[in-house]
Amino acid sequence: MKRHLISAADLTRDDAVHILDTAEEMARVGDRTVKKLPALRGRTVCNLFFEDSTRTRISFEAAEKRLSADVINFAAKGSSVSKGESLKDTAQTLAAMGVDAVVIRHSASGAPYRLATSGWIDAPVINAGDGTHQHPTQALLDAFTMRRRLIGPDAGLGQDLTGKHVTLVGDVLHSRVARSNVDLLHTLGAHVTLVAPPTLLPVGVETWPCEVSYDLDSALPKADAVMMLRVQRERMNAAFFPTEREYSRRYGLDGERMAKMPDHAIVMHPGPMVRGMEITAEVADSERCTVTEQVANGVFTRMAVLYLLLGGNANEPTPSQ
């Protein structure tokens, strides 16, 4: 792997499959009575969160602690950032403390890249979400979930997602999850379709390695996985659709629409879900919905990324050996 994980587009097919295979090993460790590994003992990882988060922050912290790393949790609220401290000064403070890796979430697109290439800190940087740009570990955990459900934990080892059809539905314009998933799923050989109202598609989407549709009903019968995206009102500065009811009628997933999907197809959501708008409670609570699996798989996937960036290499045994 490269030194940093900034974008899902930076990963080759072999990189991605290697991470997914390592995550499978981590999942098997999770089945043990003692779930800890000594892989990162003596290493210090800082979770540098300038933006509110629940799932991603806790998931990274759980992954770090299961690998026996020392963890520093930094939140912008209540820190010197609220007094005007710059990203550079914060990074140099962490460098002086000797941190071995930084996990960063920031509202500004490009902040993780800036941190990784500035020379302010000499440590691997993992992007935990930057603005509307990228969220690579989310794409990896989504791909891991798809591979496990559509191919199988054992049968999927060494495999990509060639031939699988994945449909992403909703607010693509403001979604770093959508961008990361399109990049990674394309690398893994999947066929991706974006379904959204024209107002929630970004300029230049026609250059992305995917198809674009405005009709959800026509995309469902051929989908192996359907990922519903949250409408991100906190990033909106205008009215992108008439009403919530209209959006739900055209682009929401309910039981009737779910019945149009193939029997093996799964429903995904990066969270948090807005029940009754992009997804109904009937769908969210069905056996087809993988939301809780995605949360669990996020820990295993992030363990794999941290292990490969900080503790593992091609010549070392896998965690199960």
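A few notes on this one:
- Candidate set: segment 112-152, residues that are of a type in the set (S, T, Y) and within 22 Å of T167 (Cβ to Cβ); chosen: the one surrounded by the most Cβ atoms within 10 Å (Cβ to Cβ): T137
- A count restricted to segment 11-24 and to residues that are part of a helix (DSSP H, G or I), crowded, with 19+ Cβ neighbours inside 10 Å and either in contact with a helix residue (DSSP H, G or I) (Cβ under 6 Å, 6 or more places away or on another chain) or not β-branched (V, I, T) (or both) stands at 6.
- Of all residues in segment 262-287 being of a type in the set (G, A, S) and in contact (Cβ under 8 Å) with a residue 12 or more places away in the chain, the one that is nearest to G163 (Cα to Cα): A265
- Counting only helices (runs of 4 or more DSSP H) that fall entirely inside segment 236-311 and contain at least 3 residues that are closer than 27 Å to T56 by Cβ, the qualifying elements are 244-251, 281-284, 291-306.
- Wholly enclosed helices (runs of 4 or more DSSP H) of segment 110-221 bearing at least 1 residues under 29 Å from R43 (Cβ atoms): 111-117, 136-150, 176-187
- Of the residues making up segment 195-233, those that are open to solvent by less than 40 Å² (accessible area, probe 1.4 Å) and within 17 Å of the chain's Cα centre (by Cα) are A225, V226, M227, M228, L229, V231, Q232.
- One residue stands out in segment 179-194 among those that are among the β-branched types (V, I, T) and closer than 22 Å to R288 by Cβ: the one that is surrounded by the fewest Cβ atoms within 10 Å (Cβ to Cβ), namely T193.
- Of residues in segment 153-178 being out of contact with any helix residue (DSSP H, G or I) (no Cβ under 8 Å at 6 or more places or on another chain) and at pLDDT 95 or above, the one least open to solvent (accessible area, probe 1.4 Å): A178
- Qualifying position, being more than 23 Å from the chain's Cα centre (by Cα), of a type outside the set (G, A, S) and either buried (at least 18 other Cβ atoms within 10 Å of the Cβ) or outside any helix (DSSP H, G or I) (or both), among T90, T56: T90
The values are calculated or read from the model by the stated rules, or taken from the named source; none is laboratory data. For clarity, every value in this text was computed on a predicted model and none was experimentally measured. Every residue, glycine among them, receives a Cβ derived from its backbone with ideal geometry; neighbour counts consider all protein chains shown. The accessibility values were calculated without ligands, DNA or RNA, using every heavy atom of the protein model including side chains. Shrake-Rupley method; radii C 1.70, N 1.55, O 1.52, S 1.80 Å.
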